[in-house]
Amino acid sequence: MTHHAWVAFALSALVFTVVAWSGVTVIRDQDVSVQHLSVLDHIARRPDDPMAHEPQYQRASSYFSVYMPRYGNTTVSIDSQVEGRNLLSVWQAPGESLNRFPNADRYRVDNRLRADTLTIPSRSTTTNLHGQWLGVLDESWGSVPIHVDPDDPVREVDTAGPGVRRLAGTIEHNMPGDLHDVQIFLISSNRRTPPMYQMRDGREVPYISRTRSGLMLNSAYAWAPAEGRTLESGRRYNLADITDTREDARLERFIDGQYLEPLAQTRRLPGIQTRDRRRILEMQSFYHALTPPNYIGEQFDDDQVVAQRMMGREIDLSGWMNRPCVIIIGYLEDSEIPVPVHVDGEAQSSEGLTMVRWIYPLPVEPESIVPADESE
């Protein structure tokens, strides 16, 4: 029966192919899954806001991956109540090599009418996307990320000595989880004297002193609350209590101690640890407020940290550094994506990390807009 050997071999190969294909089909995940890293921004309204009758929108920038189990074309969209203000695009991390399929056919993405929707080929793999979204949060997130007690509004007070500001007021949040690694920032009304060139032998030299280099336009402060730096959901907090510290709370000192000095000491880039990742997000949030390198004459200090960003310009809050406001930053761990992601018209569940940034504009106090004490 040797003349049937090739037939037996072909049948055996077919049987094992069917077994292997069936096993992969059973084991393979058949459900769409979404993993995300999101930055959620909310600009709070003061009680005297003239636009109080308008809808309250939030902004989010999400980097997320979508696993699409089937083969063919798949439509992904980020829905919102605000038409024409959302953008969905394919994204790849800087420095990563481009992975190509053997079939490198081109496909068109027509975003002239719907920039918030992409129809892309799916080959039972994961696609990385970036969504910029403006809309109203789902009810599970609460109406707004953080509420202010109208009977005890958020305000800056002068309680720690001349020219030093602190915060007062009561806040509460009802987001789906506790806020971790919380940091609170105050941009005061106190305006500093613009830095001037130094004088030497009766003439200006083309640099300013170290103590004046990199100062912000306004006096600013930062605090990390006690109790594990966590704000629990549903619990009321008095800002006067969680920002009451006798330490040097100047924002410049905070930025140096929190971000730049650790990097200068280790002489390495931030790693992949959880704290390092969050530190990078925070540095991106205040990119233009990072202390610039000190230039001494024509020389440059070797132990200085020079920050260079390759992405994330849309999450920079540096524009708020020259106007009175309060900024609270915290992290929701293992949270749903705040952006409504739909795949082929169906809403999808998700899991990931959400960085929440709550911004509360403060009224301008004309009597405070005076040059602050330069010893500050």
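Summary of values
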item: Calculated FRET value between residue 143 and residue 276, using beta carbons and R₀ = 22 Å, to 0.05; result: 0.05
item: Among 63-70, 184-191, 346-353, the order from most to least packed when residues are scored by Cβ within 10 Å on average; result: 184-191, 63-70, 346-353
item: Computed E for residue 342/residue 365 - FRET, C-beta separation, R0 56 angstrom, nearest 0.05; result: 0.75
item: Virtual spin-label span in nm between residue 114 and residue 91, 7 Å along Cα→Cβ; result: 2.1
item: Residue-by-residue Karplus 3J(HN,Hα) for segment 77-83, coefficients 6.51, -1.76, 1.60, Hz, glycine and proline x; result: 9, 10, 8, 7, 7, 10, 6
item: Rounded FRET efficiency, nearest 0.05, which uses the C-beta distance separating residue 6 from residue 70 and R0 of 35 Å; result: 0.45
item: Neighbour net charge for residue 327 - beta-carbon separation under 13 angstrom, K R +1, D E -1; result: -2
item: Long-range HN-HN contacts of residue 218 with modeled amide H, under 5 Å; result: 192
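No value in this document is a laboratory result; all are computed from the given coordinates. Note that the structure is a prediction, hence the values are computed from the model and not measured. Cβ: placed from backbone, ideal geometry, glycine included. Neighbour counts: every protein chain shown.
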